[in-house]
Amino acid sequence: MTEEKWTVKFVIFRKKGDQPPRYDSYVLEVDPDEYVIDGVERIWAFHDRSLIFAHACHHSTCGACGMRVNDVEKLTCITKIRDVTTNGGSLKIEPLRNFPIIGDLVVDMTRMYAAMDRVHAKAVHPLSAAPLEGEGIRPPKDVPRNNGDEYLRLADCIECGLCISACPVAGTAENYLGPAVLAAAQLQGLKHNPDLLDLVDCADGLWRCHSAYECTAVCPSNVDPGWRIMDLRRQVVGERIKRWFVKA
Amino acid sequence: MSKLHAIVIGAGFTGVAIAHDLALRGFAVTVVERGPIVNGTSGRTHGLLHSGARYAVNDQESAIECIQENQILRLIVPDAIEPNGGLFIGITDEDMAYREKFIEGCAACRIPIKELTPQEALRLEPNLNPKLQTAFTVPDGTFDPLRLALAFAASAKSNGAVFHLYTDVVDLLTDGQGNIVGVKAWDRATDKRFEIRGDIVVNATGAWVGHITSMAGISVPITPTPGVMVAYDQRLTQRAINLLNKPGDGDIVLPQRRMMVVGTTSFTIEDPDYVPVYEDHVQLMIERGSNLIPALRQTKERGAYMATRPLIGASAPGRSISRTFKAYDHKETDNVEGLVTITGGKATTLRLMAEKTVDLICKKFNLNIPCTTAETPLLSYRKFYVN
Amino acid sequence: MDTPKKPNTRGILDWFDPRGRNVGGWGFIINRLSAIGLTVYLYLHLYMLGKLAQGPEAFDAFIETAKQPAIMFGEMLVIIAGLYHGLNGLRIALNSFGIAVPAQRQLLYGVVGITLIGTVVFGVRMLTAH
Ligand SMILES: Cc1cc2nc3c(=O)[nH]c(=O)nc-3n(C[C@H](O)[C@H](O)[C@H](O)COP(=O)(O)OP(=O)(O)OC[C@H]3O[C@@H](n4cnc5c(N)ncnc54)[C@H](O)[C@@H]3O)c2cc1C
Ligand code: SF4
């Protein structure tokens, strides 16, 4: 961070109950290396106490603070102001798409949580099932075991819903499971979880995907759901062929 | 007999754990929180599931509470904890001078530790400072703050608790004689104002408890004491890494998902509503953190944030039910019936704080219902959203 | 808070909103547009075939109009849409077998490239044929 100061206009989506939505503007002096959520929280603290927004951990482990920043889905706690606007520029902040709006910048993500629940998405993985491919300084397969037990690690997917908001078909297919959910199914693998097959192999499952790859473009947490959906298709086709032979 | 109705203000760790305990013991519970779940300090904690070893020398009461609660939470919270343990590492001779006291303290508090040679430690965690002289394993863990709280909230909800999120308590309702009989609330999602009446109001607003008590004309002298934490973009260890020395700034580095998080600092402020993240604190974190794990220096910053401890002055009036956190029955301290305030403690001890607070509330109503939260597994955090 | 509400979406309009979208998103938008274009064309085509059945006069009149530049431009669009949609279909089919997903962007550039080349070839042939 520097002593640098920028003037940025925050244009914030506002909606209360059944009232029609509107946009409110607030001009803030910011440090360009601050994160977008810091600006939003300051608007609440010093300008308008009626504003509501979701957030919790402020370091990308909880996935609560997803918003649309200048039309792109961002996890606002790790998005530096410098990376999304300029000095004297503006930041349009809107709630995520494809979820119902509770008010202002807050959406109801039940759709995603319920679907994650249906595929029994794991919140905590053994390190080997969710490896840190290419990331850590030592390759994970060399990591010795913890007194014989496997290490456990919180899943990469933080259930932020950015992928569902960025997905162009999630808006017209309310029951579409969505990228994060299909990615969670892929991670578990159909071979070991045959009950997932019928759940994902249906019109509102992985065949709804129309390959825009926007999920992967916005995912802040290394999940790459676009690739996982495609890989799940491969698994489904393989599994169906196998069953066909087994039955015959 | 209809259920007693408890109103809990604040859905931080303290509030959700109390809501869960109250609901289990048969209360009708309404939680009023001005933001989302863990809007305040709780959301932004460092995320260390303390083994207690950090306090084993200077604050053994805390240390014992931590190790006991640590073991309970591992069992009852299924899906918010990385239970991989931790290490205390000694690097300088000054650190080594702390070694004896540390071993004694941990033994006194029954915290299982094991000393490793530097080679053994480096084999387990190759990214540690290679200059380390000794290392101890401890049963630390890491947690996801939102999901930890949601697990309690989900369980409370399944037992009938009602959550009003994005709803400020703007005033307390009194019976005309100064006793508290409910709250005035402002739902900011719909911009509606309403009143909630209850048999008891529990003020679990952390660094903000003084704002709520002042609505009843009671002052609780709070000094908000924030600390800064910085997250880095790579997972460099599997365990939480602590400095073997008395607690200080930037002496804990812990892994979480794909990150490392360094914390923390401590300074005092006036108003906890908004605290900026100061640049010099961020610098301090990278310096102290890279003393433990040198590779942090080559790692990109991912996020920087702060949270505020509610420090209550030693001169604060009233009797406290525990030294490690404060709970007041304002009937006893200020002759105001219907209001209980609880603050302080740690994330790791949230269940215990709730147990003691709800014990106190039950006693007020002459109820003899035992606490069962230690034996009751919590629901998955997702059940907060999915009924 | 608990009342079920409609999701925040403009429905079909959101398919075509290119703001903030990436290469893959553009690929999707063009894919949808070409699909709709081809569907409309299919119905026009069936209508024309219907004319054919009405006798030679009607058909000759249609061939006259078909030689107008606007209609020829329309035919070019059909060729572009057909090429793009078909090739992109191959790209997605390939991806759906788990093949070359990380290269989806490069594949899309390839699809667009071949579409452009094909368009030029057809354009030249069409102009020289008349
Ligand atoms: C920097 C730092 C690091 C820490 N790290 C750790 C750690 O690693 N491990 C650990 O075990 N503990 C840690 N702790 C301690 C732990 O985070 C706290 O003890 C705990 O979060 C306190 O929770 P709380 O519910 O009491 O307060 P809070 O989480 O602050 O909850 C209070 C709630 O009340 C709400 N509220 C306030 N006013 C109103 C109103 N008028 N109406 C309605 N709602 C209102 C707020 O929005 C807030 O959500 C750390 C603390 C700090 C400061
Ligand atoms: S897949 Fe990525 S974008 Fe989607 S919810 Fe999970 S972390 Fe967020």
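Taking the listed residues A:Ser90, A:Ser50, A:Ser25, the one that is in contact with a helix residue (DSSP H, G or I) (Cβ under 9 Å, 6 or more places away or on another chain) and surrounded by fewer than 19 Cβ atoms within 10 Å (Cβ to Cβ) is A:Ser50, with no other qualifying. Checked against (1) modelled with pLDDT under 95; (2) crowded, with 21+ Cβ neighbours inside 10 Å; (3) touching a Pro at 6+ places or on another chain (Cβ under 9 Å), B:Ala151 meets all criteria but (1). What do you reckon, is B:Asn70 under 17 Å from B:Lys114 (Cα atoms), away from ligand 2 (no atom under 16 Å from the Cβ) and polar (S, T, N, Q)? Criteria not met by B:Asn70.
Each residue in region A:138-156 was checked for being part of a loop (DSSP other than H, G, I, E, B) and either at pLDDT 95 or above or away from ligand 2 (no atom under 16 Å from the Cβ) (or both), and 9 pass.
Note on region A:189-216: among residues that are open to solvent by less than 50 Å² (accessible area, probe 1.4 Å) and among the aliphatic types (A, V, I, L, M), the one that is nearest to C:Asn22 (Cα to Cα) is A:Ala212. A search for C-beta distances below 8 Å between a residue of region B:245-263 that is more than 10 Å from chain A (Cβ to nearest Cβ) and closer than 17 Å to B:Glu94 by Cα and any residue that is assigned to a loop (DSSP other than H, G, I, E, B) and among the aromatic types (Phe, Trp, Tyr), counting only pairs 6+ apart in sequence or on different chains, returns B:Asn245/B:Tyr98; B:Lys246/B:Tyr98. Only a single item in (1) more than 11 Å from ligand 1 (Cβ to nearest atom); (2) in the same structural domain as B:Ala354 (by TED's automatic domain parsing) is not met by B:Arg235, and it is number (2). Within region A:183-194, does at least one residue satisfy the condition of being within 13 Å of ligand 2 (Cβ to nearest atom), within 26 Å of C:Gly11 (Cα to Cα) and out of contact with any Cys (no Cβ under 8 Å at 6 or more places or on another chain)? Scanning region A:183-194 turns up no residue that is within 13 Å of ligand 2 (Cβ to nearest atom), within 26 Å of C:Gly11 (Cα to Cα) and out of contact with any Cys (no Cβ under 8 Å at 6 or more places or on another chain). Note on region B:177-225: among residues that are free of Cβ contacts under 8 Å to residues at least 12 places away in the same chain and either within 11 Å of ligand 1 (Cβ to nearest atom) or in a loop (DSSP other than H, G, I, E, B) (or both), the one that is surrounded by the fewest Cβ atoms within 10 Å (Cβ to Cβ) is B:Gln177. Within region A:225-248, if we keep just the residues that are surrounded by fewer than 20 Cβ atoms within 10 Å (Cβ to Cβ) and at the interface with another protein chain (Cβ under 10 Å from one of its Cβ atoms), the residue that is nearest to ligand 2 (Cβ to nearest atom) turns out to be A:Trp227.
Would you confirm, using the coordinates I've provided, whether B:Ala63 is in contact with a Cys (Cβ under 8 Å, 6 or more places away or on another chain), farther than 28 Å from B:Leu360 by Cβ and within 15 Å of ligand 1 (Cβ to nearest atom)? No: the conditions fail for B:Ala63. Hey, could you check region A:60-78 for residues that are free of Cβ contacts under 8 Å to residues at least 60 places away in the same chain and surrounded by fewer than 24 Cβ atoms within 10 Å (Cβ to Cβ) and say which is nearest to the other protein chains (Cβ to nearest Cβ)? Selected residue: A:Asp71.
Counting only helices (runs of 4 or more DSSP H) that fall entirely inside region B:73-141 and contain at least 1 residues that are polar (S, T, N, Q), the qualifying elements are B:118-124.
Residue-by-condition table, conditions (1) within 7 Å of chain A (Cβ to nearest Cβ); (2) without any contact (Cβ under 8 Å) to a residue 12 or more places away in the chain; (3) out of contact with any Lys or Arg (no Cβ under 8 Å at 6 or more places or on another chain):
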| position | (1), (2), (3) |
| --- | --- |
| C:Asn8 | yes, yes, no |
| C:Asp14 | yes, yes, no |
| C:Val23 | no, no, no |
| C:Ile30 | no, no, yes |
| C:Ala35 | no, no, yes |
| C:Tyr41 | no, no, yes |
| C:Leu49 | no, yes, yes |
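Residues checked against (1) under 30 Å from A:Ile102 (Cβ atoms); (2) over 20 Å from the mean Cα position of the chain (by Cα):
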site: C:Gly25; (1), (2): yes, no
site: C:Ile29; (1), (2): yes, no
site: C:Gly50; (1), (2): no, yes
site: C:Ile63; (1), (2): no, yes
site: C:Gly82; (1), (2): no, no
site: C:Ala100; (1), (2): no, yes
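The conditions of being buried (at least 17 other Cβ atoms within 10 Å of the Cβ) and either outside the structural domain of A:Thr216 (by TED's automatic domain parsing) or in contact with a helix residue (DSSP H, G or I) (Cβ under 8 Å, 6 or more places away or on another chain) (or both) are met by A:Pro32. Inside region A:211-221, can you point out the residues that are out of contact with any helix residue (DSSP H, G or I) (no Cβ under 6 Å at 6 or more places or on another chain) and within 9 Å of chain C (Cβ to nearest Cβ)? Matches in region A:211-221: A:Ala217 only.
Going by the conditions given, is B:Ile9 within 17 Å of the chain's Cα centre (by Cα), surrounded by fewer than 24 Cβ atoms within 10 Å (Cβ to Cβ), within 16 Å of ligand 1 (Cβ to nearest atom) and not charged (D, E, K, R)? No; evaluated as a whole, the condition is false for this residue. Being more than 19 Å from the chain's Cα centre (by Cα) and either away from chain A (no Cβ under 11 Å) or surrounded by fewer than 24 Cβ atoms within 10 Å (Cβ to Cβ) (or both) is the filter here; which residues of region B:226-236 pass it? Across region B:226-236, the qualifying residues are B:Asp233, B:Gln234, B:Arg235.
Only residues that are surrounded by fewer than 18 Cβ atoms within 10 Å (Cβ to Cβ) and either within 21 Å of the chain's Cα centre (by Cα) or not in a helix (DSSP H, G or I) (or both): list them for region B:274-300, please. Matches in region B:274-300: B:Tyr274, B:Pro276, B:Tyr278, B:Lys300. Looking across region C:31-48 at every residue that is under 18 Å from the mean Cα position of the chain (by Cα) and among the aliphatic types (A, V, I, L, M), the one that is farthest from A:Cys215 (Cα to Cα) is identified as C:Leu46.
The values are calculated or read from the model by the stated rules, or taken from the named source; none is laboratory data. These figures come from a predicted structure and were not determined experimentally. All Cβ positions, glycine included, derive from the backbone under ideal geometry; neighbour counts span all protein chains shown. With ligands, DNA and RNA removed, areas are computed over all heavy atoms of the protein, side chains included. Shrake-Rupley method; radii C 1.70, N 1.55, O 1.52, S 1.80 Å.
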